[in-house]
Each structure stands twice: as C-alpha cells, then as structure tokens.
Ligand code: ATP
C-alpha cells in the first residue's frame, strides 16, 4: 500500500545516501516512516541518527519505546540502562519497567518500580498499581498464601523482598558475576577456553595472504590506536572467517590473539543455545561485558551460522532476540571499545544473516582456504618432524601428494602414518622410524576432506557473489582448476 509520504521518504533516503551524517534528515525520515506505519524502518533511521551523533538521550527516548513495541527488547534494555546509568529520565525509567515486564524479568521490573517511586514520589503509577493489587491477592492454589505473580506485568509490582532476605537464586546472574569471590566463578571460567597466548602466527603454516591482511587491518590498528584515531579510523570490530572445516579458522583467530597479546575466548554458538535456552541473550551480554573488562580481548564465535542464519528462516522470537542482542553488542562495541575484536567462523557464510555484514559489524570477511604447497609442507613439518625418523622424510614429496588437504587432514595423516611405525615398534620391541612408505600407504584411498565443501561452494561463488563477497573463494577455485 502506498502512502502520501512515500515520495518524500524516497527523496530523504536519496539525500541521506549522499550524506549519511545529516542528523535532522534522519530524524525527519524517522517521523515520516512512523506516520506511514513503518516502525522497523523508523528504528533504523533513529539508530542511524544516533550513529551520526544525534543527541543521545532525546533520540534514545524516541527509539527505545519503538524497540520494545517491535519486540526488540534486548536492545531496548541495553539502551535504556545505558542512558539511565548516566542521567535521570522519568519517561525512560518508566519504559525500563515495561521492558523488564515484557522480558518476563519480574525481579528487574520490581526493583525498577521501587526505585522509580523513590525517585519520582507522587508520580502516577496507576499503570502498575492494578497489577500490584492482583499480584498481592493470595493465590488460591498455594496453601501458604504466598503472593504469586500470574503474568509478567502483575509480577512487576510484586512487593520487594525485605532487605535482609536472601535474593532469589538466579544461576544466570551468578554466572555473570565474574571476578567476584563467588564459587560459581569457577563454573563460569571453566565454560570457556581462554586460549593459549603462546600460539602466534609462527604456528600457523601458510595462509600468508590472510595473515598479512589480519596484520594490516586488525593487529596494526589495535597496536597503533593513537595514529588511527588521528585519521578518524577505529580499531576493533568484527572479522568473519569462512572456509572448509579443518583449514585453521580457529587456529588463526587464536594466533591473532597471541600476536597482539589479547585475551582469547572461544564460544560455540550451540553451547550457549543448548545450555542457556531462554537466557542466551543475557549470556551474550555478559560475554561482551567480560570481554570489555578483560580487554584487549578477542571473542571467537564458532559455528556462527547457527546464530546468524537468516532471521526469517530461524522463525522463533528467541533466535531473533539473540541475533538482535549480538548486533546491538557489536554496534555498541564499535562506538565505545577499541580493544575488543570479534572473530566469527563459519563453513556456510551464505547462511549468515546479511544484517551482520553491515559496516561496523563483520565488514571484513576472509576466506581461509586449504593450505597451498608451502603451507602443507609447513603443517607437515610441525607434526611429522616430531616423529622418530621424521627428519629423514621428504615433506615436499608428501605435500605434493596432498593437494587440497586441510590442516586437519594433514595432522591426521601424520598420526596414521605414525601408528604404522608404532605397531612395528611394538612388534620388534625397538623404536622404529616412520618412513616415506608409511605415508604412501596411508595416502592410498585418502582424499581431501574439503572436496565436498569446495564443490558446493562453487555455486555460491558463481551465483551468490553479491558485492564481490566471495571473490577470494572464486579466485581460489579458478586457481585450483578443479571446478
Ligand atoms: P572447523 O570449521 O571444523 O571448526 P577450523 O577451520 O576452525 O575447522 P581448526 O580447528 O583451526 O580448523 O584446525 C584444525 C586443526 O588443524 C587444528 O589442530 C590446527 O592446529 C590444524 N591446522 C589447520 N590449519 C593449520 C595451519 N595453517 N597451520 C597449522 N596448523 C593448522
């Protein structure tokens, strides 16, 4: 359905394409979009206005209720908390109570209502009073006569617990309190691998082009922030690594942390989803908080496609909220943290939500291919030379016979060849060397595990290469001349 404002909206959009820093135009566009009943686009316009430097409190006070109304409560919560931490704002404070209610965070809503009443005595709280009356009625189903909240809204007005009463147990909150003396800190810490900072680029064989790009575009900005700031450029941000499994995406991210002396935490998206279903957005928020606290930090999200698959397909509100939360954290990071980098890895970049590709999010994407001849020789050197007789092997010969093998394939080849020598050693009772023949034997019938991936990727490189996003993959496929 067209609207009378449509031509003006299009004209404003054209003008903003030419000058995205024009704050009044963004704000005017937001008004028109709202009048045309296009709240999602109005939200984007307000976000852009903020990014362009619009007055934060005033603009956020318009944005936050819209976010809540469109169920983007995670972003609404973070934005409201940020503003209220710095300033008092009655309407936003009321909005924060509603956000907690909508999220079903009963305790948060109650606390905020209490502080709202203290800060604004005499303020109209009728909106919540009715709910409170209902919440205070004894529940006929509970013999103790304890008050029970029937709905989030009612629960928000539940009378606060007495001061000396133990707060209700919330395992999630305990997990988030990293760094305290709480014994649950151990649980928290043990969930994540904080990395081995001894791994550096010297441990990553080959991949020279990707390493050069990471040095130039990620490590240098992080190490020379003053220089970059002088040129109005920012360090930090997001990097998406894609490629066939086993080619070193995780290894590379870990080595980047080692190169720049950053903390490293690896998170499997499925770990968060499986363990913290319904709490995942809190976990993501807590992770980013922790990353900022421990900065410099590299947060590494593996299986990123699991989170980033197009929201339309994912369907559930849960996924959408989680994605919005991550987007929100990334946007926040861009504006206030130069020392947190996000690496995400995926084998299926075509399933990653395009919202993650916008400027300031994963705007740098690197293809991590199977290693070239020199890379394979390097990986073999790391594994084979540690074996008895390894020095006598012709690694070049093995490397030539393992075209398109992944790093993981080469590691496994070395293990399998060494098992043959181990068997001989056990039979003879004397340590036997690994030989070239062991490798030749193992190579019979062994092929690269990347072949299937490369065969399916060719279609995306050919037909789904919008904006040249798969140019590197395309070049690689052309070079290997197999597809
Ligand atoms: P997945 O997509 O399955 O998570 P990945 O691309 O993240 O795989 P890694 O887990 O980083 O791959 O690598 C698999 C194994 O291969 C690791 O043990 C790593 O040490 C080794 N490896 C891969 N590539 C290299 C490389 N270029 N140099 C040294 N080791 C490598």
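The values are calculated or read from the model by the stated rules, or taken from the named source; none is laboratory data. What you see is a predicted model, and the numbers here were worked out from it, not measured in a lab. For neighbour counting, all protein chains shown are included, and Cβ atoms are generated from backbone atoms with ideal geometry for every residue, glycine included.
A few notes on this one:
- Checking each residue in segment 38-48 for being surrounded by 17 or more Cβ atoms within 10 Å (Cβ to Cβ), under 20 Å from residue 329 (Cβ atoms) and free of Cβ contacts under 8 Å to residues at least 60 places away in the same chain picks out 43, 46, 48.
- Counted as qualifying within segment 26-124 are the helices (runs of 4 or more DSSP H) with 2 or more residues that are touching a helix residue (DSSP H, G or I) at 6+ places or on another chain (Cβ under 9 Å) and at pLDDT 90 or above, namely 39-51, 56-69, 90-103, 106-119.
- Only one entry in 315, 308, 332 is surrounded by fewer than 24 Cβ atoms within 10 Å (Cβ to Cβ), at pLDDT below 80 and either within 21 Å of residue 454 (Cα to Cα) or touching a helix residue (DSSP H, G or I) at 6+ places or on another chain (Cβ under 9 Å) (or both), namely 332.
- Residues considered: 404, 380. Of these, the only one that is surrounded by 18 or more Cβ atoms within 10 Å (Cβ to Cβ) and more than 11 Å from the ligand (Cβ to nearest atom) is 404.
- Residue under evaluation residue 386, criteria (1) within 16 Å of the ligand (Cβ to nearest atom); (2) part of a helix (DSSP H, G or I), criterion not met: (2)
- Segment 398-411, residues that are touching a helix residue (DSSP H, G or I) at 6+ places or on another chain (Cβ under 9 Å) and outside any loop (DSSP other than H, G, I, E, B): 398, 399, 400, 407, 410, 411
- Looking only at residues of segment 358-377 that are away from the ligand (no atom under 12 Å from the Cβ) and part of a loop (DSSP other than H, G, I, E, B), we find that the one that is surrounded by the fewest Cβ atoms within 10 Å (Cβ to Cβ) is 359.
- Boolean, residue 253 is at pLDDT 90 or above and either crowded, with 21+ Cβ neighbours inside 10 Å or not in a strand (DSSP E or B) (or both): yes
- Filtered residues of segment 429-447 (kept if in contact (Cβ under 8 Å) with a residue 24 or more places away in the chain, touching a helix residue (DSSP H, G or I) at 6+ places or on another chain (Cβ under 6 Å) and crowded, with 16+ Cβ neighbours inside 10 Å): 432, 434, 439, 442
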